[in-house]
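**Student:** The structure follows.
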Amino acid sequence: MKLPSASLLSAALVLAACDSKLATTGEAATSSTPAKAAVIDPAAGTSGTQATSTDEANAAPDPKTIPAGSTANAAAILARPQVPILCYHQIRDWTARDSKGAKDYIVPVAQFRAHIKMLADSGYHTVLPDQVYAYLTTGAKLPSKPIMLTFDDTDLDQFTIARPELDKYGYKAVYFVMTVSLGRPHYMTKAMVKQLSDEGNTIGSHTWDHHNVKKYQGKDWETQIDKPTKTLETITGKKINYFAYPFGLWNEQAFPELKKRGFVAAFSLAEKRDQNDPLFTIRRIIASGYWKPRTLHNSIVQSF
């Protein structure tokens, strides 16, 4: 298969991503009036402007060690308050070539820094997928005001700009890596992905070249999932347990295929969760490049 150029790939991702909704009516919306956030075990964890410590972030058990018989059913998982999860793509200043739609997925540097400062000043503590999985399946405690930060598509600025900004506040994140772009101009290298993993962040799978999961046939599962996941496990030296759907698009037929390959959960975007398998449709919202910190805060408390 001939690989697309980095520029064509970036353009394709942005244009396709614009087709997915930032929010679903009734599930996510923005407003100028703050809403009351759902409280998730407020007595747990620490408070203040710093994130959970590395020890706390790593305290969750490996999901494979949780006995199947002790995990909650779909109804119990759906009944738990959702953990706010943000999705970022590019962190860079807008250019004259960026379309109006693309700017939703491109967060200017100063805006991103303001987002993260707002989260820290508001007392949010970052959590990682193992913690969220344990919370959803067993009711395990989370820190006060938990939030998960995720980054899709392996853009270089996630390492050069986002990573040091998160470090200021002791924040950790999840990086869903698209392996076709590793080492290409404007994308992360394998060494950077390993460093992120070694520093306590979670690396997740995001396919080989961002192909829509709903269209997979035959060898697509091997090309888009098996080989990229093996690549990431070789890079990090760790089992890859989590997957993010390109464009947030999924179907029920994907669930058994992902489970068969060892994934324990998968992340979509703002669409409603599947009522029978919510662990494979965990919701995120895109942090828009247009959003000031107050708008982001309002969206968090109203969407989750």
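Derivation of every value follows stated rules applied to the coordinates shown; laboratory data play no part. Because the structure is a prediction, the values reported are computed rather than measured. In this analysis, Cβ positions are derived from the backbone assuming ideal geometry, glycine residues included, and neighbour counts consider all displayed protein chains.
**Student:** Does Phe159 qualify as being within 21 Å of Gly289 (Cα to Cα), in contact (Cβ under 8 Å) with a residue 12 or more places away in the chain, surrounded by 24 or more Cβ atoms within 10 Å (Cβ to Cβ) and not acidic (Asp, Glu)?
**Tutor:** Spelling it out, it is not the case that Phe159 is within 21 Å of Gly289 (Cα to Cα), in contact (Cβ under 8 Å) with a residue 12 or more places away in the chain, surrounded by 24 or more Cβ atoms within 10 Å (Cβ to Cβ) and not acidic (Asp, Glu).
**Student:** Return the pairs, sorted by first residue and then second, in which the second residue is surrounded by fewer than 17 Cβ atoms within 10 Å (Cβ to Cβ), the first residue lies in segment 205-218 and is over 19 Å from Val177 (Cβ atoms), the beta carbons are less than 9 Å apart, and the residues are 6+ apart or on different chains.
**Tutor:** Within 9 Å, the pairs are Lys214/Asn251; Lys214/Gln253.
Matching residues to (1) within 20 Å of Asp152 (Cα to Cα); (2) in contact with a Lys or Arg (Cβ under 9 Å, 6 or more places away or on another chain); (3) surrounded by fewer than 22 Cβ atoms within 10 Å (Cβ to Cβ):
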| site | (1), (2), (3) |
| --- | --- |
| Lys214 | yes, no, yes |
| Trp221 | yes, yes, yes |
| Asp226 | yes, yes, yes |
| Thr229 | yes, yes, no |
| Ile235 | yes, yes, yes |
| Lys238 | yes, no, yes |
| Pro256 | no, no, yes |
| Phe267 | yes, yes, no |
| Asp274 | no, no, yes |
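**Student:** Let me ask something additional. Given the conditions (1) farther than 23 Å from Ala134 by Cβ; (2) among the β-branched types (Val, Ile, Thr); (3) free of Cβ contacts under 8 Å to residues at least 60 places away in the same chain, report the number of the one that Thr223 does not fulfil.
**Tutor:** (3)
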